[in-house]
1. Work through the residues other than L337 whose Cβ is under 14 Å from its Cβ and net out their charges, Lys, Arg +1 and Asp, Glu -1.
2. Given R₀ = 51 Å, what would the calculated FRET efficiency be for S107 paired with T347, taking r from the Cβ atoms and rounding to 0.05?
3. Would you mind computing, in nm to one decimal, how far apart the modelled labels at E140 and A385 are, each placed 7 Å from Cα along Cα→Cβ?
4. Let me know the charge dipole size of region 111-152 about its Cα centre in debye, to the nearest 20, where only the beta-carbon of Lys, Arg (+1) and Asp, Glu (-1) is charged.
5. Could you tell me the distance between the Cα centroids of region 479-495 and region 191-266, to the nearest Å?
6. Sort T333, T303 so the one with the fewest other Cβ atoms within 10 Å of its own Cβ comes first.
7. As I understand it, the value is the acute angle between the Cα axis of helix 168-182 and the longest principal axis of the Cα atoms of the chain; what does it come to in degrees, rounded to 10?
8. Run the paramagnetic zone check for N473: 7 angstrom along Cα to Cβ, then residues of region 363-392 with backbone nitrogen under 18 Å.
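Each value in this text was obtained by applying a stated rule to the coordinates, not by laboratory testing. Model, not experiment: these values are computed from the prediction. Here the Cβ positions follow ideal geometry from the backbone for every residue, glycine too, while neighbour counts run over all protein chains shown.
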Amino acid sequence: MSVPENQGMGSRELAALVDFGARRFAAGPGLTPIPQFDSLLVTRHGRIVLEVYYPPYGAGIPHHLYSATKAVIGTLTAIAFKDGLLDRLDHRVLDFFDRRSVDNLDSKKEAITVQNLLDMTSGIEWTQPLDESSFESAIEMAHSPDWVKFVLDRPMSNNPGEAFNYSNGDTHLLSAIITKITGSSAWEYAEAKLFGPLGIVDAFWVHDPQGISEGGDGLFLKPRDMAKIGYLYLRNGEWEGKRMLPSTWIDRVNHATISVSYPPGIHYSDLFWAFADRHVYMAVGRRGQVIMIFPDLDIVAVTTARIDYSLREFADLISSSVKSDTILPVDATGAKLLANNVSDASTEKPTEVGPPSRMASIISGRVYLFAPNELNLKSLSLVLAGPQPHYEIETYATAATKSGNRFSSPIGLDGLYRKGKLSYHGLGVWLEGVPRVEAVKGAWQDNETFLIDRLLLGLGNSPERWTFTFNRNRLNLLIKIGNWPEISIDGQTNG
């Protein structure tokens with residue numbers, strides 16, 4: 001790690017960037033405010049100048065990239081093209097699926113090329129607006145038994161290349177094409193051709209029912225590994241003297257030409273977004289998962305987060321921190337300010353905790369049973385009396401898991417989160433099988449009501465508030481997640 005001034009950057013400006021990430025937000029009424037960032041990392045001239053982890057998130061936890069996954073799918077497509085597995089980018093897409101029967105087949109669909117998929121201009125009808133007002137088509141695909149068939153069978157809304165239309169379907173077809181031409185999943189191909197050479201470890205990639213890596217938003221990486229992807233692009237597709245990406249590919253990403261109506265001033269190319277007026281391009285996932293590349297400044301910046309933020313404001317803060325291309329004089333005052341801001345942002349602040357309830361010893365260890373419900377919660381036990389407060393949960397079997405699962409998490413009773421171990425089990429069907437670390441703290445609201453604040457670290461999702469209301473042998477569990485409708489389920493114990 002380098003002193004910012006040694007890389008021509010100002011510590012005072014980077015201190016403001018740390019504060020930007022520390023801005024607190026409440027995802028919904030009654031929810032405890034948390035920092036908008038999980039992590040922030042900035043490199044210049046190949047050296048880390050700033051690295052912050054906002055608690056309770058920590059460096060070793062793989063983070064869901066959401067749609068920043070798409071940029072990795074594009075990168076793998078470029079590698080396959082360089083290696084000759086993909087002969088040309090204008091190759092017709094349906095040629096890779098010639099053994100499939102495709103519905104709504106017409107001349108428009110027959111004309112779709114790989115490049116159209118890379119630019120989100122396939123013309124395939126798809127409802128997934130960038131303002132996130134609807135995820136209709138992506139949800140329908142996720143619920144279908146064959147995702148590739150779901151996309152290929154859809155009608156056409158435009159001629160290929162005619163209009164930009166954001167689509168998880170386009171990138172899932174790219175993932176399927178990678179599987180077709182390499183004989184392995186995108187994850188396996190990435191391990192061999194991208195993650196391995198870059199030293200990326202502990203990646204995780206969700207897949208569809210046929211084992212095809214989810215092309216739209218299924219990848220998990222740690223922040224430093226995200227920065228390695230950015231650095232590969234910053235170095236024009238070379239890594240340790242070896243060319244991994246075609247130079248023509250980097251040039252297209254560097255000069256994105258496809259206009260996007262929302263947000264304004266953004267262009268698109270090969271699954272990367274760009275501020276054309278600032279020569280900045282980036283991989284972007286919902287809720288602030290970003291790999292931002294500044295070719296003119298020799299900078300890569302990475303964030304993992306829990307809320308969408310102004311990418312232009314972030315880019316401006318980065319740019320304003322650059323003072324020179326050479327070493328700057330030591331700024332003792334700025335260095336102290338930066339160190340204080342990093343220390344403050346990295347230190348969890350306890351929330352207020354009221355007195356314990358007499359109910360704690362009564363309900364501690366009791367097992368509450370639940371009828372089948374939307375969370376698949378079968379049983380729950382709170383252990384609040386003793387040196388290691390925690391909860392234990394058992395879930396119902398699902399079609400995906402075939403059997404129920406058991407998991408537990410520690411609970412902080414002093415106003416600070418306690419973190420469990422990396423787990424792949426959780427409540428709700430969509431959370432089963434993806435990595436996360438639970439961070440939990442609890443406090444008594446009154447003698448009969450216990451509150452839990454719960455974060456699933458690495459998922460970048462909304463905070464949760466669990467309200468336990470005890471009434472003799474009965475328990476009402478009310479769960480609020482962000483601005484989603486509350487979930488209320490009732491359980492009971494035999495003692």
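1. Numbers: positive: R12, K336; negative: E5, E13, D19, D331, D344.
Computed value for this residue: -3.
2. 0.25
3. 5.5 nm
4. With Lys and Arg at +1 and Asp and Glu at -1, about 200 debye.
5. Rounded to whole Å, the Cα centres lie 39 Å apart.
6. T333, T303
7. That works out to roughly 70 degrees.
8. Only 363-371, 379-382 pass the distance filter.
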